[in-house]
Amino acid sequence: MNSTIMELARRARDPQSLEKDEVLDTIFWFRMMIGLLIGLGAGGLGLTGYPVIVAFGVSVFGLSQLFQTRFLQIDEDDFNPQELMMEGMGNAAGLFMLSWILMHTFL
């Protein structure tokens, strides 16, 4: 599995070579990375409350949209807009909450 993620990351450098499923996988892993980084950062800084959750939501949607339009250069006619918007959101939110809670608890 690790080699699959590394292969996907290598191929993501050339967005034109990605197939539809690989584009969705790239977006999924990008959102997981955002969730982990924001969770670790918020927990490490000792931030609490709903502003952190709102900041996560705004960041993950904003950065993902920027990643999709600027880096991947996705033609939105090829994808269902809801599919692009929700790909990996539940998993990213779960990873964000887990990393945030663990960092806040153990620090």
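The values are calculated or read from the model by the stated rules, or taken from the named source; none is laboratory data. Remember, predicted model here, so these are calculated numbers, not experimental data. Reconstructed Cβ throughout: ideal geometry from the backbone, glycine too, with neighbour counts over all protein chains shown.
The single residue among Ser17, Ser59 that is touching a residue at least 24 places away in the same chain (Cβ under 8 Å) and of a type in the set (S, T, N, Q) turns out to be Ser59.
Of all the numbered requirements in (1) under 25 Å from Ser17 (Cβ atoms); (2) of a type in the set (Gly, Ala, Ser); (3) modelled with pLDDT of 95 or more, Gly94 misses one, and that requirement is (1). Just to be sure, is Ile101 β-branched (Val, Ile, Thr), part of a helix (DSSP H, G or I) and surrounded by 14 or more Cβ atoms within 10 Å (Cβ to Cβ)? So Ile101 fails the test. Contact map, region 29-42: first residue in contact (Cβ under 8 Å) with a residue 60 or more places away in the chain and under 14 Å from Phe61 (Cα atoms), second residue buried (at least 16 other Cβ atoms within 10 Å of the Cβ) and of a type in the set (Gly, Ala, Ser), Cβ cut-off under 6 Å, separation 6 or more or different chains; pairs are Arg31/Ser64; Arg31/Gly88; Arg31/Ala92; Met32/Ala92; Gly35/Ala92. Note on region 58-90: residues that are on the phi < 0 side of the Ramachandran plot and surrounded by 15 or more Cβ atoms within 10 Å (Cβ to Cβ) amount to 12. Within region 16-48, the set of residues being charged (D, E, K, R) and farther than 17 Å from Met89 by Cα comprises Glu19, Lys20. Given the criterion under 17 Å from Pro15 (Cα atoms), under 10 Å from the mean Cα position of the chain (by Cα) and either touching a residue at least 24 places away in the same chain (Cβ under 8 Å) or not in a helix (DSSP H, G or I) (or both), identify the matching residue among Phe79, Phe67. Checking each option against the conditions leaves just Phe67. Within region 67-107, being among the acidic types (Asp, Glu) and closer than 26 Å to Gly43 by Cα holds for one residue alone: Glu87. Among the residues making up region 1-54, a single one is within 11 Å of Trp100 (Cα to Cα) and of a type in the set (Ser, Thr, Tyr): Thr48. If you go through region 47-57 and keep only what is surrounded by 11 or more Cβ atoms within 10 Å (Cβ to Cβ) and either part of a helix (DSSP H, G or I) or of a type outside the set (Val, Ile, Thr) (or both), you end up with Leu47, Val52, Ile53, Ala55, Phe56, Gly57. Suppose we filter region 1-46 for residues that are assigned to a helix (DSSP H, G or I), within 23 Å of Asp75 (Cα to Cα) and small (Gly, Ala, Ser); how many remain? Of the residues in that region, 2 qualify.
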